[in-house]
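The values are calculated or read from the model by the stated rules, or taken from the named source; none is laboratory data. Here the structure is a predicted model, which is why all the values come from computation and not from measurement. Because the Cβ atoms are built from the backbone with ideal geometry, glycine has one as well, and the counts that use them run over all protein chains shown.
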Amino acid sequence: MTRRLEGYGAIVTGGGKGIGRAVVDRFVAEGTRVGVLLRSQADADSLREQHGDAVLPVLGDVRSWADNQRLVTQTVAAFGRLDVLVPNAGVYDFSDRFETIAGEDLEARFHELFSINVQGYLLAVRAALEPLREAQGSVIFTLSSSSFYPGGGGVLYVSSKHALVGTVKQLAFELAPDIRINAVAPGGTRTNLGGLDAAGDGRSLADIPGFDAMVAKTVPLGFLSEPEDHASLYVTLASRTESRFVTAEIIRSDGGLMVRGGGRKRKETA
Ligand SMILES: NC(=O)c1ccc[n+]([C@@H]2O[C@H](COP(=O)([O-])OP(=O)(O)OC[C@H]3O[C@@H](n4cnc5c(N)ncnc54)[C@H](O)[C@@H]3O)[C@@H](O)[C@H]2O)c1
């Protein structure tokens, strides 16, 4: 069977864990070599152990222009090309209600969350522009159901993910016809998505009591997704043959939140 991304070069930020890691694993399985920006040496070691020379782990911070540049330079030096960029690293605000955040804390929390969730994506695209243009490549953002709906996060997380919808559209507009810009918007997914240093936050999604059941109850398809459930959508959007006429598109992988409905109850799942 032909591998769907044979010979491609890619970058995934925040690819040591969670959804990013599932995308890295899947890209490698499809024949792609992947530069991965991550923060943990243990995750870097685990990637190398599983994928050997097909991955290039680069330790760094998505908030740093220098780290994004180093990621792109080292990836292109190692693999000779860059066809796909997946800005994905993110942090969560654990749905903290606006009125509970003290005014003096809001500035630091806003800066930390937006500098990772929004600025981090912009820096990665800017650093990768030339090699992506050369390869006539594409960018795939990890968005969220919080890019469309309130209530799955607090105002900082939800507004950051809404901001990325505009970013997809504007960059798709500006960078056509050379570079396609698309996104995958997952809903609730079993990961250890973490919180803000500025909130003193050691929490992770996995610590939210009853998170599984809450998501299962909320979405029409009735279950909490796994990171792997989203990965093939990134492959489709990355492939020049499978989606060459697609840009500015956001694929929702959220169990059908758009059709939750209001009145009549859907059939209960077990
Ligand atoms: N888990 C969910 O329910 C869910 C739903 C929709 C969207 N998302 C989005 O998916 C993306 C991946 O999150 P995940 O759920 O897989 O969680 P995760 O914590 O497993 O992955 C996030 C990764 O980003 C990295 N990261 C955070 N800040 C960074 C920084 N400053 N520099 C470099 N790396 C940094 C983390 O180390 C981690 O590896 C995020 O953008 C998140 O908003 C998650």
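Out of curiosity, is Gly31 within 14 Å of the ligand (Cβ to nearest atom) and closer than 18 Å to Ser232 by Cβ? It would help to see each step written out before you state the result.
Values: within 14 Å of the ligand (Cβ to nearest atom): no; closer than 18 Å to Ser232 by Cβ: yes.
So Gly31 does not fit the description; no.
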Report yes if some residue within region 118-133 is modelled with pLDDT of 95 or more, near the ligand (Cβ under 9 Å from one of its atoms), of a type in the set (S, T, N, Q) and surrounded by fewer than 19 Cβ atoms within 10 Å (Cβ to Cβ); otherwise report no.
no
(1) away from the ligand (no atom under 16 Å from the Cβ); (2) more than 22 Å from the chain's Cα centre (by Cα): which one isn't true of Glu249, the others all being true?
(2)
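Could you pull out every one of the helices (runs of 4 or more DSSP H) wholly within region 48-152 that has 2 or more residues that are within 30 Å of Gly255 (Cα to Cα), in contact (Cβ under 8 Å) with a residue 12 or more places away in the chain and not aromatic (Phe, Trp, Tyr)? Before you say what the answer is, go through the steps one by one.
Numbers: elements: 65-79, 103-114, 120-135.
Ranges flagged: 103-114, 120-135.
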State yes or no: is Ser64 more than 18 Å from the chain's Cα centre (by Cα) and among the hydroxyl-bearing types (Ser, Thr, Tyr)?
no
Please verify whether region 191-210 includes one or more residues that are at pLDDT 95 or above, surrounded by fewer than 15 Cβ atoms within 10 Å (Cβ to Cβ) and under 22 Å from Val24 (Cα atoms).
yes
Do you know which residues across region 225-239 are surrounded by fewer than 19 Cβ atoms within 10 Å (Cβ to Cβ) and either at positive phi or within 13 Å of the ligand (Cβ to nearest atom) (or both)?
Glu226, Glu228, Asp229
If a residue must be within 14 Å of the ligand (Cβ to nearest atom) and surrounded by fewer than 20 Cβ atoms within 10 Å (Cβ to Cβ), how many such residues does region 70-93 contain?
1
